[in-house]
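**Q** The structure follows.
The values are calculated or read from the model by the stated rules, or taken from the named source; none is laboratory data. Source: prediction; values computed, not measured. Neighbour counts are summed over all protein chains in view; Cβ atoms, including those assigned to glycine, are modelled from backbone coordinates with ideal geometry. Just so you know, the surface numbers come from the protein's heavy atoms only, side chains and all, with ligands and any DNA or RNA stripped out. Shrake-Rupley method; radii C 1.70, N 1.55, O 1.52, S 1.80 Å.
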Amino acid sequence: MSMIYPTIETNETYLHQAERVKRQNQMKSFLKGMLFLLPSIILFSVFVFYPMFKTIYLSFFLTNAQGATTVFTGWDNYKALFVDPIFIKSVKNTFLFVFYTVPPTVIISLILAVIANEKLKGIGFFRTVFSSTMGVSVAAASVFWLYLFNPTMGLLNKVLETSGLDAIEWLTDPKWALIAVSATTIWMNIGFTFLILLGGLQSIDSSLYESADIEGSGYFYKLRRITIPMLSPTFFFVITVSIINTFQTFGQIDILTQGGPANGTNLIVYSIYREAFVNYQFGAASAQAVVLFILILLMTALQFKLVERKVHYQ
Amino acid sequence: MMLSMRKKIVFYVLLIISALLLAGPAIMAIVMSFMTNQDILTGRLPTAFTIDNYIAAFDRLPLLQFLFNSLIVSIVIMLGQLILSSLAAYAFVFLEFKGRDFLFYLFIATMMVPFEASVIPNFHIIRDLNWIDTYAGLTVPFFATTFGTFLLRQNFKQIPKELREASLIAGMGDFKFFLTVVLPVSRTSLVTLGIYGFLTSWNMYLWPLLASTNDTVRTIQIGLKQLQTQEQLNQWGVIMAGAVIVIIPTLILLFLGQKKLQKGLTEGAVK
């Protein structure tokens, strides 16, 4: 019996030491990990998390022109928003804009991706052209279309005139302005959407097509039965990303219409910009920003849900 | 899979028509930028070739300064993103420590905060740091990116963990391993992220509009807006010359890097 005691004791000291070394190592690896992550964490804290909470905080206050809070007003900013016809219109416009913009962008990009996915000579050139609008900035794209939409000199009205139709005041007619801005946006977004969809098409297993060929299936049958279903994860991704991007539209509005005519193209981000940096109503603008944040949060959550589902499918 | 001749012709016709329609606005802008104002006003096909529009554009605004500013801003953001993303991605792939999963979710959470929704406090932060009209104010807020971190993380994951263990046994520290093994092996993804970072920074609009109030750091995008608002006489040739100057660098970059970009973006998107 007496022989056993020392052994146990040594074991305990070993365990003790091992525990300490383990804890030291843990501490060390934690510090090392933090060292690699700290730059990102600091910048995220300063420029993402803090501004987010500050936005929520500001939305409950009135502010002075410098943005310092003056009076706590509780939910007043929000209550005012939901009876403010201009803000309600900007929310409606934003949804309408998403509806005008996202489906056409995705459908056109899908068609382009399908025809650019054929193995043909010189296909690389066409792929580059189709993705090229991704390299065109919002300012440049808006300037191009500003000319196209010009009521007297613009190409679009010239085409209308030569075909005997009446000219359209694209950017100043309330019926057309949002559609005109949408057309610009569709054109701008095709490049990116095309590139993602083409990548999705290329990752489809070619053996699926080969076995369909053996069975003698036609082109459109394969498109419907293989391409579209296999592409659906990528498809959902581009749809949600496009919706989120469209919610954040600003540049086109600033250059093409400044929100006009009669707030007909006033979208949420432009409305926030005007409220904050033109009217200096930072509290009210923050409340609008919170609404935008919630809308985008819902879209992101939807995206994660769909991605999760996609994982289950595979 | 061989295509029949008839099918090939159909595809080429479709490809060419779509390419012309899609590139139309940009081609139109390039042509107009070399046209005389008279030709543009009368709306006929160009009768003369001129570079007067470019001379006028550079004359009216310090466009060279704006181009230089855009170049600095884009390169600084690109480098900042590469450094911060690769460091963070390394930690997420190779280092195991308490709280890593929490930090991973924290990174994901940043994707849910759109910059536009938090632009007001961001503006105040830059102002309080006295960073308005500085390169720092235009660049530093964009250094940390979840997209970049995840893109590189996908790539780093393909590097065998045994390689790190061997390096550690050979007395190489994590940082040296990161610099001499991980980064060189991941060149392609770094280039992809670099192209993407440069492209998006060059094309930024809202933030430079807010964070620059004079010509010293103003970027070319805002310069183009200025050019467009200053033109009272419908001098579309000059405005188009400005727009062409804006898109040339990014188009060249896109033409060179389209394949890489597509691969990188798809990986980031689908996985």
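**Q** How many residues are surrounded by 15 or more Cβ atoms within 10 Å (Cβ to Cβ) and polar (S, T, N, Q) when one looks only at the stretch A:142-176?
**A** 4
**Q** Regarding the stretch A:128-141, can at least one residue be identified that is open to solvent by less than 20 Å² (accessible area, probe 1.4 Å), more than 7 Å from chain B (Cβ to nearest Cβ), part of a helix (DSSP H, G or I) and over 21 Å from B:F255 (Cβ atoms)?
**A** There is no residue in the stretch A:128-141 that is open to solvent by less than 20 Å² (accessible area, probe 1.4 Å), more than 7 Å from chain B (Cβ to nearest Cβ), part of a helix (DSSP H, G or I) and over 21 Å from B:F255 (Cβ atoms).
**Q** Of all residues in the stretch A:67-95, count the ones that are more than 8 Å from chain B (Cβ to nearest Cβ), in a loop (DSSP other than H, G, I, E, B) and not hydroxyl-bearing (S, T, Y).
**A** Number satisfying all stated conditions: 6.
**Q** Please determine, by comparing only the residues of the stretch A:151-197 that are more than 14 Å from chain B (Cβ to nearest Cβ) and part of a helix (DSSP H, G or I), which one is nearest to A:L256 (Cα to Cα).
**A** Once the filter is applied, the top-ranked residue is A:V181.
**Q** Just give me the residues in the stretch A:244-287 being under 22 Å from B:P208 (Cβ atoms), more than 8 Å from chain B (Cβ to nearest Cβ) and not in a loop (DSSP other than H, G, I, E, B), in sequence order.
**A** Selection gives A:N245, A:T246, A:Q252, A:I253, A:L256, A:I268, A:Y270, A:S271, A:R274, A:E275.
**Q** Would you say A:T63 is within 13 Å of chain B (Cβ to nearest Cβ), in contact with a strand residue (DSSP E or B) (Cβ under 7 Å, 6 or more places away or on another chain) and not charged (D, E, K, R)?
**A** Details: within 13 Å of chain B (Cβ to nearest Cβ): yes; in contact with a strand residue (DSSP E or B) (Cβ under 7 Å, 6 or more places away or on another chain): yes; not charged (D, E, K, R): yes.
Considered against the rule, which asks whether it is within 13 Å of chain B (Cβ to nearest Cβ), in contact with a strand residue (DSSP E or B) (Cβ under 7 Å, 6 or more places away or on another chain) and not charged (D, E, K, R), A:T63 comes out as yes.
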